[in-house]
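Below is one structure; the comments refer to it alone.
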Amino acid sequence: MEDHPRLDSERMFALDQQAVRVEDTFVDGDLILDLGGGGEGVLGQIRGRQVVALDIRRDELEESPPGPIKIVGDAKALPFLDESFDAATAFFFLMYVPNQDRAVVFAEAFRILKPGAKLHVWDAIIPPRGDRPQQMFVVPVQAEIPGKVILTGYGTRWDGKEMSANSIANLAAEAGFTVLEKTERGETFHLILFRKQAS
């Protein structure tokens, strides 16, 4: 969704364009799992072959830029052994996951991360739909990555997808993560979640 001038306002509720900065804080040599990494493949554009881009939709992976390793898979049942990854990311991915499935996604992310690893989550603040007539919730995004700006957008069925930075942070904490940082900017948020060392 790179152009938004003719969005159908009767079916789609669209936010104003959201500027989202993605800093490259990753370590050379780290293996990074990017949940929902198809489409624009933002993290893959930053770290290339260090990234394993996982998406349930093959077409999204096929259309994404070259660079990362691409795997078709379900974030609710990750096809990886325990403690396989040095870091993980979720860039406007959780908005596609129904509320009732998000806890298992965090449990799986926790499982495949090594102790001491971080999970970065960037996503939209999605209010309850209420009595609004629109069925789709759309977020135009200007992703600012090192040396480049990516204009894109994300849209999902609205019912059952509401979330806030706090609600997602709480789910992550229930899965065992420590919330290191929580930042809200416009109608988006960024969480840095830490998988503690085993005691």
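Does region 87-100 include one or more residues that are at pLDDT 95 or above, under 12 Å from Phe194 (Cα atoms), of a type outside the set (Val, Ile, Thr) and outside any helix (DSSP H, G or I)? Yes, there is a match, as at least one residue in region 87-100 is at pLDDT 95 or above, under 12 Å from Phe194 (Cα atoms), of a type outside the set (Val, Ile, Thr) and outside any helix (DSSP H, G or I). Tell me which residues, restricted to region 92-111, are touching a residue at least 60 places away in the same chain (Cβ under 8 Å) and farther than 16 Å from Lys161 by Cα. Across region 92-111, the qualifying residues are Ala107, Ala109, Phe110.
Any residue at all in region 72-91 that's under 18 Å from Lys161 (Cβ atoms), surrounded by fewer than 20 Cβ atoms within 10 Å (Cβ to Cβ) and of a type in the set (Lys, Arg)? So that I can check it myself, show each step before the final result.
Our first condition is that a residue be under 18 Å from Lys161 (Cβ atoms); within region 72-91, this holds for 74-76, 90-91.
Pick out the ones that are also surrounded by fewer than 20 Cβ atoms within 10 Å (Cβ to Cβ) and you get 74, 76.
From what is left, the residues that are of a type in the set (Lys, Arg) are 76.
Among the residues of region 72-91, at least one is under 18 Å from Lys161 (Cβ atoms), surrounded by fewer than 20 Cβ atoms within 10 Å (Cβ to Cβ) and of a type in the set (Lys, Arg), which makes the answer yes.
For region 96-107, residues that are buried (at least 20 other Cβ atoms within 10 Å of the Cβ) and in contact with a Leu (Cβ under 8 Å, 6 or more places away or on another chain) total 3. Of everything in region 112-155 that is free of Cβ contacts under 8 Å to residues at least 60 places away in the same chain and in a strand (DSSP E or B), the residue that is surrounded by the most Cβ atoms within 10 Å (Cβ to Cβ) is Ile126.
Restricting the search to region 31-53, which residues are in contact (Cβ under 8 Å) with a residue 60 or more places away in the chain and in contact with a Gly (Cβ under 8 Å, 6 or more places away or on another chain)? Steps first, please.
Taking region 31-53 first, the residues in contact (Cβ under 8 Å) with a residue 60 or more places away in the chain are 33, 35-36, 39-40, 42, 45-46.
Within region 31-53, just Gln45 meets the criteria.
Asp28 fulfils the conditions (1) touching a residue at least 40 places away in the same chain (Cβ under 8 Å); (2) among the acidic types (Asp, Glu); (3) more than 18 Å from Phe194 (Cα to Cα) except for a single criterion, (1). Residues in region 180-199 that are of a type in the set (Lys, Arg) and touching a Gly at 6+ places or on another chain (Cβ under 8 Å) were compared, and the one that is surrounded by the most Cβ atoms within 10 Å (Cβ to Cβ) is Arg195.
The values are calculated or read from the model by the stated rules, or taken from the named source; none is laboratory data. Note that the structure is a prediction, hence the values are computed from the model and not measured. Ideal geometry is used to build each Cβ from the backbone, glycine not excepted, and the neighbour counts take in all protein chains shown.
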